[in-house]
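Enquirer: Here you go, one structure.
The values are calculated or read from the model by the stated rules, or taken from the named source; none is laboratory data. Since the structure is predicted, the reported quantities are computational estimates derived from the model, not experimental observations. Note: ideal-geometry Cβ built from the backbone for every residue, glycine included; neighbour counts use all protein chains shown. Just so you know, the surface numbers come from the protein's heavy atoms only, side chains and all, with ligands and any DNA or RNA stripped out. Shrake-Rupley method; radii C 1.70, N 1.55, O 1.52, S 1.80 Å.
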Amino acid sequence: MQIYLDYSATTPPRPEAIAVMQAVLTQYWGNPSSLHEWGGRAATVLEQARMQVASLINAPAESIIFTSGGTEADNLAIMGIARQYSQPQHIIISQVEHPAITEPVKLLEQWGWQVTRLPVDTQGRVNPLELKAALRSNTVLVSIIYGQSEVGTLQPIESLCRIAHMHGALFHTDAVQVAGRLPIDVQQLPIDLLSLSSHKIYGPQGTGALYVRPGIEIVPLLLGGGQESRRRSGTESVPIIAGFGVAAELAAQEMTLETPRLIQLRDRLFDLLSNTPYLIPTGDQTSRLPHHVSFCLAYTDENNITGKTIVRQLNLAGIAISSGSACQSGKLSPSPILSAMGYTPQQALGAIRLTLGRDTTTADIDWTAIVLKQVLHRLIPKLTCASCS
Ligand SMILES: Cc1ncc(COP(=O)(O)O)c(C=O)c1O
(Lines give C-alpha, C1' and ligand atoms only; values in the text may rest on other atoms or scores of the structure.)
Protein backbone atom coordinates (compact mmCIF):
# COMPACT_ATOMS: atom_id res chain seq x y z
CA MET A 1 0.00 0.00 0.00
CA GLN A 2 1.43 3.39 -1.04
CA ILE A 3 0.04 6.43 0.72
CA TYR A 4 1.11 9.97 -0.18
CA LEU A 5 0.56 12.42 2.67
CA ASP A 6 2.83 15.26 1.63
CA TYR A 7 0.43 17.48 -0.32
CA SER A 8 1.90 20.63 1.25
CA ALA A 9 5.24 19.82 -0.39
CA THR A 10 3.66 19.25 -3.78
CA THR A 11 0.51 17.82 -5.32
CA PRO A 12 0.25 15.43 -8.29
CA PRO A 13 -0.70 17.38 -11.44
CA ARG A 14 -4.33 16.57 -12.15
CA PRO A 15 -5.22 14.84 -15.46
CA GLU A 16 -7.11 17.89 -16.75
CA ALA A 17 -3.98 20.04 -16.24
CA ILE A 18 -1.79 17.46 -17.98
CA ALA A 19 -4.24 17.27 -20.89
CA VAL A 20 -4.25 21.03 -21.44
CA MET A 21 -0.44 21.19 -21.18
CA GLN A 22 -0.14 18.50 -23.82
CA ALA A 23 -2.57 20.34 -26.11
CA VAL A 24 -0.72 23.65 -25.67
CA LEU A 25 2.69 22.04 -26.27
CA THR A 26 1.50 20.51 -29.52
CA GLN A 27 -0.90 23.16 -30.87
CA TYR A 28 -0.35 26.50 -29.14
CA TRP A 29 3.42 26.63 -28.78
CA GLY A 30 3.80 30.11 -30.26
CA ASN A 31 5.41 32.99 -28.42
CA PRO A 32 2.50 34.91 -26.87
CA SER A 33 4.25 38.22 -27.65
CA SER A 34 4.46 37.47 -31.39
CA LEU A 35 2.08 39.44 -33.58
CA HIS A 36 1.22 36.60 -36.00
CA GLU A 37 -1.40 33.88 -35.79
CA TRP A 38 0.77 31.46 -33.78
CA GLY A 39 1.53 34.17 -31.22
CA GLY A 40 -2.11 35.22 -31.08
CA ARG A 41 -3.25 31.70 -30.29
CA ALA A 42 -0.70 31.34 -27.49
CA ALA A 43 -1.68 34.76 -26.14
CA THR A 44 -5.32 33.68 -26.01
CA VAL A 45 -4.36 30.61 -23.97
CA LEU A 46 -2.23 32.77 -21.66
CA GLU A 47 -5.01 35.28 -21.07
CA GLN A 48 -7.54 32.55 -20.42
CA ALA A 49 -5.23 31.11 -17.74
CA ARG A 50 -4.84 34.59 -16.26
CA MET A 51 -8.63 34.83 -15.93
CA GLN A 52 -8.85 31.36 -14.38
CA VAL A 53 -6.17 32.14 -11.78
CA ALA A 54 -7.65 35.58 -11.10
CA SER A 55 -11.11 34.17 -10.48
CA LEU A 56 -9.74 31.77 -7.82
CA ILE A 57 -9.22 34.88 -5.65
CA ASN A 58 -11.95 37.05 -7.27
CA ALA A 59 -9.38 39.43 -8.73
CA PRO A 60 -9.34 41.25 -12.08
CA ALA A 61 -7.24 39.40 -14.66
CA GLU A 62 -4.81 42.29 -15.13
CA SER A 63 -3.79 42.08 -11.44
CA ILE A 64 -2.16 38.65 -11.97
CA ILE A 65 1.57 38.47 -12.78
CA PHE A 66 2.75 34.99 -13.70
CA THR A 67 6.03 34.00 -12.02
CA SER A 68 8.12 30.84 -11.79
CA GLY A 69 6.33 29.86 -8.56
CA GLY A 70 5.52 30.89 -5.02
CA THR A 71 9.15 31.72 -4.22
CA GLU A 72 9.43 34.24 -7.02
CA ALA A 73 6.01 35.70 -6.17
CA ASP A 74 7.15 36.26 -2.56
CA ASN A 75 10.48 37.75 -3.68
CA LEU A 76 8.72 40.02 -6.16
CA ALA A 77 6.29 41.25 -3.49
CA ILE A 78 9.06 42.14 -1.03
CA MET A 79 11.66 43.47 -3.45
CA GLY A 80 9.15 44.97 -5.87
CA ILE A 81 7.78 47.23 -3.15
CA ALA A 82 11.06 47.87 -1.31
CA ARG A 83 13.01 48.88 -4.41
CA GLN A 84 10.66 51.77 -5.07
CA TYR A 85 12.31 53.60 -2.19
CA SER A 86 15.66 55.27 -2.63
CA GLN A 87 16.21 55.27 1.16
CA PRO A 88 15.82 52.28 3.52
CA GLN A 89 12.43 52.10 5.27
CA HIS A 90 10.75 49.76 7.76
CA ILE A 91 9.16 46.39 6.94
CA ILE A 92 7.23 44.01 9.21
CA ILE A 93 7.03 40.24 8.82
CA SER A 94 6.31 37.46 11.34
CA GLN A 95 8.64 34.90 12.89
CA VAL A 96 6.82 32.11 11.04
CA GLU A 97 7.37 33.14 7.43
CA HIS A 98 8.57 30.87 4.63
CA PRO A 99 12.24 31.33 3.58
CA ALA A 100 10.96 32.88 0.33
CA ILE A 101 10.07 35.86 2.55
CA THR A 102 12.75 35.71 5.23
CA GLU A 103 15.67 35.56 2.79
CA PRO A 104 14.83 38.66 0.72
CA VAL A 105 14.03 40.48 3.97
CA LYS A 106 17.52 39.57 5.28
CA LEU A 107 18.94 41.16 2.17
CA LEU A 108 16.93 44.33 2.79
CA GLU A 109 18.33 44.38 6.31
CA GLN A 110 21.84 44.27 4.88
CA TRP A 111 20.86 47.26 2.75
CA GLY A 112 19.99 49.20 5.91
CA TRP A 113 16.26 48.51 6.16
CA GLN A 114 14.68 48.25 9.62
CA VAL A 115 12.94 44.90 10.05
CA THR A 116 10.45 43.84 12.72
CA ARG A 117 9.78 40.11 13.01
CA LEU A 118 6.55 39.81 14.98
CA PRO A 119 6.51 37.06 17.62
CA VAL A 120 3.83 34.36 17.64
CA ASP A 121 2.04 32.53 20.46
CA THR A 122 2.35 28.79 21.14
CA GLN A 123 -0.21 28.14 18.37
CA GLY A 124 1.88 30.12 15.88
CA ARG A 125 -0.52 33.08 15.73
CA VAL A 126 0.44 36.72 15.37
CA ASN A 127 -1.42 39.02 17.75
CA PRO A 128 -2.94 41.93 15.76
CA LEU A 129 -2.24 44.23 18.72
CA GLU A 130 1.46 43.46 18.39
CA LEU A 131 1.28 44.47 14.74
CA LYS A 132 -0.43 47.71 15.74
CA ALA A 133 2.33 48.45 18.25
CA ALA A 134 5.09 47.67 15.74
CA LEU A 135 3.90 49.97 12.96
CA ARG A 136 6.00 53.09 12.44
CA SER A 137 5.63 56.18 10.31
CA ASN A 138 8.09 54.68 7.80
CA THR A 139 6.57 51.16 7.67
CA VAL A 140 5.94 50.59 3.98
CA LEU A 141 5.04 46.90 3.89
CA VAL A 142 3.65 44.22 6.20
CA SER A 143 3.97 40.63 4.99
CA ILE A 144 2.33 37.85 7.02
CA ILE A 145 1.90 34.27 5.83
CA TYR A 146 -1.78 33.26 5.54
CA GLY A 147 -1.51 29.51 6.23
CA GLN A 148 1.72 28.30 7.83
CA SER A 149 3.15 25.35 5.90
CA GLU A 150 4.88 23.55 8.81
CA VAL A 151 2.25 23.85 11.54
CA GLY A 152 -0.96 24.62 9.62
CA THR A 153 -1.94 27.76 11.55
CA LEU A 154 -4.12 30.32 9.75
CA GLN A 155 -3.39 33.91 10.68
CA PRO A 156 -6.14 36.47 11.44
CA ILE A 157 -5.33 37.94 8.06
CA GLU A 158 -8.26 40.32 7.78
CA SER A 159 -7.50 42.11 11.08
CA LEU A 160 -3.79 42.24 10.27
CA CYS A 161 -4.48 43.68 6.83
CA ARG A 162 -6.86 46.35 8.16
CA ILE A 163 -4.41 47.41 10.88
CA ALA A 164 -1.59 47.74 8.32
CA HIS A 165 -3.85 49.87 6.14
CA MET A 166 -4.91 52.12 9.02
CA HIS A 167 -1.24 53.02 9.37
CA GLY A 168 -0.70 53.53 5.65
CA ALA A 169 1.35 50.35 5.03
CA LEU A 170 0.74 47.91 2.18
CA PHE A 171 -0.17 44.34 3.08
CA HIS A 172 1.17 41.20 1.42
CA THR A 173 0.30 37.62 2.26
CA ASP A 174 1.80 34.33 1.15
CA ALA A 175 -1.35 32.33 0.40
CA VAL A 176 0.46 29.43 -1.27
CA GLN A 177 -0.97 26.84 1.16
CA VAL A 178 -4.43 28.41 1.46
CA ALA A 179 -5.38 29.05 -2.16
CA GLY A 180 -7.61 26.36 -3.62
CA ARG A 181 -8.37 25.04 -0.13
CA LEU A 182 -10.22 27.99 1.39
CA PRO A 183 -12.08 30.76 -0.42
CA ILE A 184 -10.07 33.95 -0.93
CA ASP A 185 -11.81 37.09 -2.16
CA VAL A 186 -9.55 40.08 -2.64
CA GLN A 187 -12.61 42.30 -3.17
CA GLN A 188 -13.77 41.54 0.39
CA LEU A 189 -10.32 41.20 1.95
CA PRO A 190 -8.40 44.31 0.94
CA ILE A 191 -5.03 42.58 0.54
CA ASP A 192 -2.59 44.49 -1.70
CA LEU A 193 -0.30 41.66 -2.79
CA LEU A 194 -0.83 37.88 -2.59
CA SER A 195 1.37 34.94 -3.63
CA LEU A 196 0.14 31.75 -5.29
CA SER A 197 1.85 28.56 -6.45
CA SER A 198 0.57 26.16 -9.11
CA HIS A 199 2.05 22.93 -7.80
CA LYS A 200 0.23 23.18 -4.48
CA ILE A 201 -3.15 23.06 -6.24
CA TYR A 202 -2.60 20.10 -8.61
CA GLY A 203 -1.07 22.21 -11.36
CA PRO A 204 2.47 21.76 -12.71
CA GLN A 205 5.63 22.83 -10.90
CA GLY A 206 7.48 25.92 -12.09
CA THR A 207 4.73 28.50 -12.20
CA GLY A 208 2.84 30.66 -9.77
CA ALA A 209 1.50 34.17 -9.57
CA LEU A 210 1.65 37.40 -7.66
CA TYR A 211 -1.61 39.29 -7.34
CA VAL A 212 -1.00 43.04 -7.22
CA ARG A 213 -3.99 45.26 -6.48
CA PRO A 214 -4.58 47.56 -9.47
CA GLY A 215 -2.93 50.92 -8.91
CA ILE A 216 0.00 49.54 -6.88
CA GLU A 217 3.37 49.90 -8.58
CA ILE A 218 6.10 47.30 -8.24
CA VAL A 219 9.68 47.32 -9.49
CA PRO A 220 10.37 44.17 -11.55
CA LEU A 221 12.96 41.62 -10.46
CA LEU A 222 13.62 40.49 -14.04
CA LEU A 223 14.40 43.02 -16.74
CA GLY A 224 14.17 42.30 -20.44
CA GLY A 225 11.40 42.22 -22.99
CA GLY A 226 8.78 43.73 -20.71
CA GLN A 227 6.34 40.79 -20.62
CA GLU A 228 3.60 40.63 -17.97
CA SER A 229 2.84 44.34 -18.43
CA ARG A 230 6.49 45.25 -17.84
CA ARG A 231 6.42 43.66 -14.37
CA ARG A 232 8.15 40.33 -15.11
CA SER A 233 10.24 39.96 -18.24
CA GLY A 234 10.81 36.62 -19.95
CA THR A 235 8.67 34.67 -22.41
CA GLU A 236 5.83 33.14 -20.44
CA SER A 237 5.79 29.35 -20.27
CA VAL A 238 2.34 29.08 -21.81
CA PRO A 239 1.97 25.25 -21.42
CA ILE A 240 2.56 25.18 -17.68
CA ILE A 241 0.64 28.41 -17.12
CA ALA A 242 -2.31 26.82 -18.97
CA GLY A 243 -2.04 23.83 -16.61
CA PHE A 244 -2.03 26.22 -13.64
CA GLY A 245 -5.13 27.96 -15.02
CA VAL A 246 -7.10 24.73 -15.35
CA ALA A 247 -5.98 23.60 -11.88
CA ALA A 248 -7.09 26.94 -10.40
CA GLU A 249 -10.49 26.79 -12.09
CA LEU A 250 -11.14 23.23 -10.94
CA ALA A 251 -9.92 23.95 -7.40
CA ALA A 252 -12.43 26.80 -7.19
CA GLN A 253 -15.24 24.56 -8.50
CA GLU A 254 -14.46 21.65 -6.20
CA MET A 255 -13.69 23.55 -3.00
CA THR A 256 -17.19 23.44 -1.53
CA LEU A 257 -17.14 19.63 -1.51
CA GLU A 258 -13.43 18.93 -1.15
CA THR A 259 -12.61 21.25 1.75
CA PRO A 260 -15.16 19.79 4.22
CA ARG A 261 -14.01 16.30 3.21
CA LEU A 262 -10.40 17.21 3.96
CA ILE A 263 -11.35 18.78 7.29
CA GLN A 264 -13.14 15.59 8.28
CA LEU A 265 -10.13 13.43 7.38
CA ARG A 266 -7.74 15.85 9.10
CA ASP A 267 -9.76 15.76 12.31
CA ARG A 268 -10.07 11.99 12.12
CA LEU A 269 -6.28 11.65 11.95
CA PHE A 270 -5.80 14.03 14.88
CA ASP A 271 -8.41 12.04 16.87
CA LEU A 272 -6.85 8.66 16.07
CA LEU A 273 -3.46 9.91 17.26
CA SER A 274 -4.74 12.03 20.14
CA ASN A 275 -3.73 9.71 22.97
CA THR A 276 -0.37 8.68 21.58
CA PRO A 277 2.25 9.28 24.26
CA TYR A 278 4.87 11.94 23.43
CA LEU A 279 3.09 13.06 20.26
CA ILE A 280 1.97 16.70 20.68
CA PRO A 281 -0.17 18.38 18.00
CA THR A 282 1.41 21.62 16.78
CA GLY A 283 -0.26 24.75 15.42
CA ASP A 284 -3.73 26.14 15.96
CA GLN A 285 -6.21 23.30 16.20
CA THR A 286 -9.24 25.31 15.06
CA SER A 287 -7.97 28.11 12.83
CA ARG A 288 -6.10 25.68 10.63
CA LEU A 289 -5.38 24.66 7.04
CA PRO A 290 -8.06 22.06 6.08
CA HIS A 291 -5.56 19.43 4.95
CA HIS A 292 -2.85 19.83 7.57
CA VAL A 293 -1.89 17.57 10.49
CA SER A 294 1.34 18.21 12.40
CA PHE A 295 3.01 17.04 15.57
CA CYS A 296 6.24 17.20 17.44
CA LEU A 297 7.74 14.49 19.56
CA ALA A 298 8.20 15.36 23.22
CA TYR A 299 10.60 12.53 23.90
CA THR A 300 14.26 12.86 24.71
CA ASP A 301 16.78 10.09 24.96
CA GLU A 302 20.28 9.34 23.91
CA ASN A 303 19.03 7.84 20.61
CA ASN A 304 17.80 11.26 19.48
CA ILE A 305 14.66 10.27 17.65
CA THR A 306 13.92 13.07 15.20
CA GLY A 307 11.17 13.80 12.74
CA LYS A 308 13.46 12.52 10.01
CA THR A 309 13.72 9.14 11.77
CA ILE A 310 9.93 8.86 11.73
CA VAL A 311 9.73 10.00 8.08
CA ARG A 312 12.22 7.30 7.07
CA GLN A 313 10.39 4.60 9.01
CA LEU A 314 7.03 5.53 7.49
CA ASN A 315 8.64 5.66 4.06
CA LEU A 316 9.75 2.04 4.54
CA ALA A 317 6.09 1.24 5.21
CA GLY A 318 5.04 2.99 1.98
CA ILE A 319 3.74 6.18 3.58
CA ALA A 320 5.14 9.57 2.51
CA ILE A 321 5.10 12.33 5.13
CA SER A 322 7.57 15.10 5.92
CA SER A 323 9.52 16.39 8.89
CA GLY A 324 9.57 19.98 9.92
CA SER A 325 13.28 20.31 10.49
CA ALA A 326 15.71 21.87 8.07
CA CYS A 327 18.86 20.00 7.19
CA GLN A 328 21.76 22.33 6.62
CA SER A 329 25.11 20.92 5.50
CA GLY A 330 24.18 17.49 6.79
CA LYS A 331 23.53 18.80 10.30
CA LEU A 332 19.97 18.82 11.61
CA SER A 333 18.79 22.15 12.90
CA PRO A 334 15.49 22.75 14.69
CA SER A 335 12.77 24.48 12.72
CA PRO A 336 12.81 28.25 13.34
CA ILE A 337 9.00 28.13 13.14
CA LEU A 338 8.65 25.73 16.09
CA SER A 339 11.40 27.55 17.98
CA ALA A 340 9.45 30.82 17.57
CA MET A 341 6.38 29.03 18.95
CA GLY A 342 8.31 28.13 22.12
CA TYR A 343 9.24 24.50 21.48
CA THR A 344 12.61 23.28 22.74
CA PRO A 345 15.22 22.42 20.09
CA GLN A 346 14.74 18.71 20.89
CA GLN A 347 10.95 18.94 20.47
CA ALA A 348 11.34 20.96 17.28
CA LEU A 349 13.67 18.32 15.84
CA GLY A 350 10.90 15.80 16.40
CA ALA A 351 8.45 17.63 14.13
CA ILE A 352 6.40 15.72 11.56
CA ARG A 353 3.79 16.89 9.07
CA LEU A 354 1.09 14.86 7.32
CA THR A 355 -0.79 16.76 4.64
CA LEU A 356 -3.83 15.34 2.91
CA GLY A 357 -5.23 15.78 -0.57
CA ARG A 358 -7.65 14.75 -3.30
CA ASP A 359 -6.61 11.10 -3.31
CA THR A 360 -6.59 10.63 0.47
CA THR A 361 -9.22 8.19 1.74
CA THR A 362 -10.51 7.26 5.18
CA ALA A 363 -8.71 3.92 4.82
CA ASP A 364 -5.42 5.81 4.21
CA ILE A 365 -5.94 7.83 7.38
CA ASP A 366 -6.79 4.79 9.52
CA TRP A 367 -3.83 2.78 8.22
CA THR A 368 -1.42 5.69 8.65
CA ALA A 369 -2.49 6.12 12.28
CA ILE A 370 -1.85 2.42 12.96
CA VAL A 371 1.56 2.43 11.24
CA LEU A 372 2.67 5.65 12.93
CA LYS A 373 1.81 4.24 16.36
CA GLN A 374 3.67 1.02 15.55
CA VAL A 375 6.73 3.00 14.40
CA LEU A 376 6.72 5.08 17.58
CA HIS A 377 6.34 1.93 19.67
CA ARG A 378 9.38 0.44 17.99
CA LEU A 379 11.41 3.62 18.41
CA ILE A 380 10.28 4.31 21.97
CA PRO A 381 10.23 1.01 23.85
CA LYS A 382 8.52 2.60 26.88
CA LEU A 383 5.39 3.25 24.82
CA THR A 384 2.58 0.93 25.92
CA CYS A 385 1.27 -1.47 23.33
CA ALA A 386 -2.31 -0.36 23.97
CA SER A 387 -1.57 2.73 21.91
CA CYS A 388 -0.45 0.60 18.95
CA SER A 389 -3.85 -0.88 18.24
C1 LIG B 1 4.03 28.89 2.29
C2 LIG B 1 4.89 28.69 1.09
N3 LIG B 1 5.37 29.76 0.44
C4 LIG B 1 6.13 29.64 -0.65
C5 LIG B 1 6.49 28.40 -1.14
C6 LIG B 1 7.34 28.30 -2.36
O7 LIG B 1 6.56 27.97 -3.48
P8 LIG B 1 7.25 27.36 -4.81
O9 LIG B 1 7.65 25.96 -4.47
O10 LIG B 1 6.16 27.42 -5.84
O11 LIG B 1 8.39 28.24 -5.14
C12 LIG B 1 6.03 27.25 -0.47
C13 LIG B 1 6.45 25.91 -0.93
O14 LIG B 1 6.59 24.99 -0.17
C15 LIG B 1 5.21 27.40 0.66
O16 LIG B 1 4.73 26.35 1.33
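Enquirer: Please list 211, 85 in order of solvent-accessible area, largest first, computed with a 1.4 Å probe with all protein chains present.
Expert: Working: 211 0, 85 90 Å².
Putting 211, 85 in descending order of accessible area: 85, 211.
Enquirer: Once the whole set of protein chains is in place, how much accessible area is left on residue 278, using a 1.4 Å probe, in Å² to the nearest 10?
Expert: Taking all protein chains as shown, residue 278 has close to 70 Å².
Enquirer: What number comes out for the charge environment of residue 351, summing +1 per Lys or Arg and -1 per Asp or Glu over other residues with Cβ under 15 Å away?
Expert: Details: positive: 308, 312, 353; negative: 6, 150.
Charge balance in the 15 Å sphere: +1.
Enquirer: With an 8 Å Cα cut-off and a minimum separation of 6 or more residues, compute the relative contact order for the chain in percent. Numbers along the way, then the final one.
Expert: Numbers: 792 pairs, mean separation 85.5, N = 389.
Relative contact order comes out at 22 percent.
Enquirer: Oh, and also: I need the semi-axes of the equivalent ellipsoid of the chain: take the C-alpha gyration tensor, multiply each eigenvalue by 5, square-root it, list largest first in whole angstrom. The partial results should precede the final answer.
Expert: On the way: eigenvalues 260, 145, 60 Å².
Each semi-axis is the square root of five times an eigenvalue, giving 36, 27, 17 Å.
Enquirer: Restricting to bridges with both residues inside region 15-251, how much of the DSSP beta-bridge set is antiparallel, in percent to the nearest 5?
Expert: The answer is about 40 percent antiparallel.
Enquirer: If you take the Cα Rg of region 3-120 and divide it by 2.2 N^0.38 Å, with N the number of residues, what do you get?
Expert: Values: Rg = 19.0 Å, N = 118, 2.2 N^0.38 = 13.5 Å.
Working it through for region 3-120, the quotient is 1.41.
Enquirer: Accessible area per residue, 1.4 Å probe, Å², for region 15-251: what's the number?
Expert: 39
Enquirer: Classify region 165-256 as rounded, prolate or oblate, taking a ≥ b ≥ c as the square roots of the eigenvalues of its Cα gyration tensor: rounded when a/c is under 1.5, otherwise prolate if a/b is larger than b/c and oblate if not. Don't jump to the answer; show the numbers that get you there.
Expert: On the way: a/c = 2.37, a/b = 1.05, b/c = 2.27.
Since a/c reaches 1.5 but b/c is at least a/b, the shape of region 165-256 is classed as oblate.
Enquirer: Determine the order of 261, 288 by accessible area, beginning with the largest, at a probe radius of 1.4 Å.
Expert: 261, 288
Enquirer: Ok, one more. Using only the Cα atoms of region 193-346, what do you get for the radius of gyration and for Dmax, in Å?
Expert: Radius of gyration, then largest Cα-Cα span, for region 193-346: 20.3, 58 Å.
Enquirer: Using only helices, what value at 222 nm comes out for the chain when you add -39,500 (n - 2.57) per DSSP H run of length 4 or more and divide by the total residues, to the nearest 500 deg cm²/dmol?
Expert: Numbers: 12 runs with 152 residues, N = 389.
Mean residue ellipticity, 222 nm, calculated: -12500 deg cm²/dmol.
Enquirer: Something else: Pairing the Cα long axis of helix 238-272 with the longest principal axis of the chain, what angle in degrees results, from 0 to 90 and rounded to the nearest 10?
Expert: Here the helix axis deviates by roughly 30 degrees.
Enquirer: Starting from 0.36 nm per residue, how many nanometres of slack lie between residue 263 and residue 359 once their C-alpha separation is accounted for? If you can, show how the numbers build up before the last one.
Expert: Numbers: separation 96, 0.36 × 96 = 34.56 nm, distance 1.39 nm.
Additional length available on full extension: 33.2 nm.
Enquirer: Computing the accessible area with a 1.4 Å probe over protein heavy atoms, can you report the carbon and sulfur percentage for the chain?
Expert: On the way: 8790 of 16160 Å².
That share works out to 54 percent.
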